[in-house]
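Here is the structure we will look at.
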Amino acid sequence: MCEVLTIANQKGGVGKTTTAVNLAAFLANEGKKVLVIDYDPQANATTSFGFRRNKIESDIYHVLTGSKKLSKIILKTDIPNLDLAPSNIGLAGIEKEFYSKNSIKGRELLLSKKIEEIKDQYDFIIIDSPPALGSLTVNALAAADSVIVPIQCEFFALEGLSQLLNTIKLLKDTINPRLAIKGFLPTMYSGQHNLSRQVFDELKEHFSKELFKNQNEFVIIPRSVKLAESPSFAQPIMVYDARSNGSVAYENLARAILQGA
């Protein structure tokens with residue numbers, strides 16, 4: 001059975017793309033067939049795998065507008081078992097297409113219907129959503145079985161989280177009853193900073209059951225220079241520096257997900 005995971009948080013800079021790319025790489029390294037759908041107009045997941053946006057003829061925008069099938073835009077990455085459905089800045093204009101061509105229900109389920117065409121080819125489909133709670137993120141959540149919420153261990157980390165949780169609940173109650181929270185993922189954690197420890201303690205207090213664990217240890221993504229550098233070399237952290245603390249952390253996240261699958 002394929003599991004569709006959406007990485008979501010309306011705040012920018014919390015590690016959504018970093019999580020999508022590196023989680024996918026480690027799942028693929030465990031022999032799972034994985035597809036990353038870059039659903040963000042910034043297309044950072046696309047460039048993280050070494051693809052130049054201006055060199056790609058067809059992307060997820062063309063799938064949503066009906067000019068291409070999802071299977072026809074999928075690219076092979078350098079990681080065995082790992083494919084990519086690329087994005088481009090043109091995706092930013094899709095909301096106009098949504099409102100002009102589709103009913104409300106049809107618009108919200110559009111990505112879900114496209115995924116159904118290729119779902120049986122993968123063990124995991126990971127959707128990297130944009131930093132907003134607009135139509136694209138709603139579309140990504142409507143297509144998902146579960147959602148991972150990266151939460152930056154810094155000031156205002158929990159601001160807006162209730163809005164995201166309300167959106168998830170609304171979608172679960174209306175158009176996607178299978179949608180569940182897979183877990184909250186603390187990111188950019190620094191054990192040297194009191195604020196990081198305070199945010200993580202607050203997460204443990206309110207969402208202990210929703211935090212990922214591997215071998216009874218909480219999974220925490222550290223603030224890491226190597227993690228920040230790896231996209232510029234078009235390499236997931238497991239390739240760029242397999243021994244770094246960021247690599248160990250994302251391997252732990254993948255193991256936690258596989259254990260809970």
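Observations on the model:
- Residues of region 226-238 that turn out to be over 26 Å from Lys213 (Cβ atoms) and part of a helix (DSSP H, G or I), as a count: 4
- Selection from region 47-60 of residues that are open to solvent by less than 60 Å² (accessible area, probe 1.4 Å) and more than 28 Å from Leu227 (Cα to Cα): Ser58
- Of the criteria (1) modelled with pLDDT of 90 or more; (2) more than 29 Å from Gly246 (Cβ to Cβ); (3) open to solvent by 10 Å² or more (accessible area, probe 1.4 Å), which one Ala142 fails: (3)
- Considering only residues in region 96-138 that are open to solvent by 60 Å² or more (accessible area, probe 1.4 Å) and outside any helix (DSSP H, G or I), the one that is modelled with the lowest pLDDT turns out to be Ser103.
- Selection from region 4-46 of residues that are open to solvent by 30 Å² or more (accessible area, probe 1.4 Å) and either within 15 Å of the chain's Cα centre (by Cα) or without any contact (Cβ under 8 Å) to a residue 40 or more places away in the chain (or both): Gln10, Lys11, Gly12, Gly13, Thr18, Gln42, Asn44
- Test: Pro80 is within 26 Å of Arg52 (Cβ to Cβ), modelled with pLDDT of 95 or more and either open to solvent by 50 Å² or more (accessible area, probe 1.4 Å) or not in a strand (DSSP E or B) (or both): yes
- Sub-8 Å Cβ pairs linking a first residue in region 208-226 that is among the hydroxyl-bearing types (Ser, Thr, Tyr) to a second residue that is open to solvent by 50 Å² or more (accessible area, probe 1.4 Å) and part of a helix (DSSP H, G or I), at least 6 apart or interchain, are Ser224/Asn245, ordered by first then second residue.
- Within region 227-261, tally of residues that are open to solvent by less than 80 Å² (accessible area, probe 1.4 Å) and touching a helix residue (DSSP H, G or I) at 6+ places or on another chain (Cβ under 8 Å): 20
- Test: residue in region 193-201 that is assigned to a loop (DSSP other than H, G, I, E, B) and out of contact with any helix residue (DSSP H, G or I) (no Cβ under 9 Å at 6 or more places or on another chain): yes
- First in region 149-160 and assigned to a loop (DSSP other than H, G, I, E, B), second anywhere and open to solvent by less than 30 Å² (accessible area, probe 1.4 Å) and of a type in the set (S, T, N, Q), Cβ under 7 Å, 6 or more apart: Cys153/Thr187; Cys153/Ser196
- Of all the residues in region 202-225, those that are of a type in the set (A, V, I, L, M) and in a loop (DSSP other than H, G, I, E, B) number 3.
Results for (1) hydrophobic (A, V, I, L, M, F, W, C); (2) more than 23 Å from Ser48 (Cβ to Cβ); (3) touching a helix residue (DSSP H, G or I) at 6+ places or on another chain (Cβ under 8 Å), shown as yes or no for each residue.
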residue	(1), (2), (3)
Pro131	no, no, yes
Pro150	no, no, yes
Cys153	yes, no, yes
Phe156	yes, yes, no
Glu159	no, yes, no
Asn166	no, yes, no
Thr174	no, yes, no
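The values are calculated or read from the model by the stated rules, or taken from the named source; none is laboratory data. In this text the structure is predicted, and so the values were computed from the model without any measurement. So basically every Cβ, Gly included, is an ideal-geometry build from the backbone, and we count neighbours across all protein chains shown. All accessible areas refer to the heavy atoms of the entire protein, side chains included, with ligands and DNA or RNA removed. Shrake-Rupley method; radii C 1.70, N 1.55, O 1.52, S 1.80 Å.
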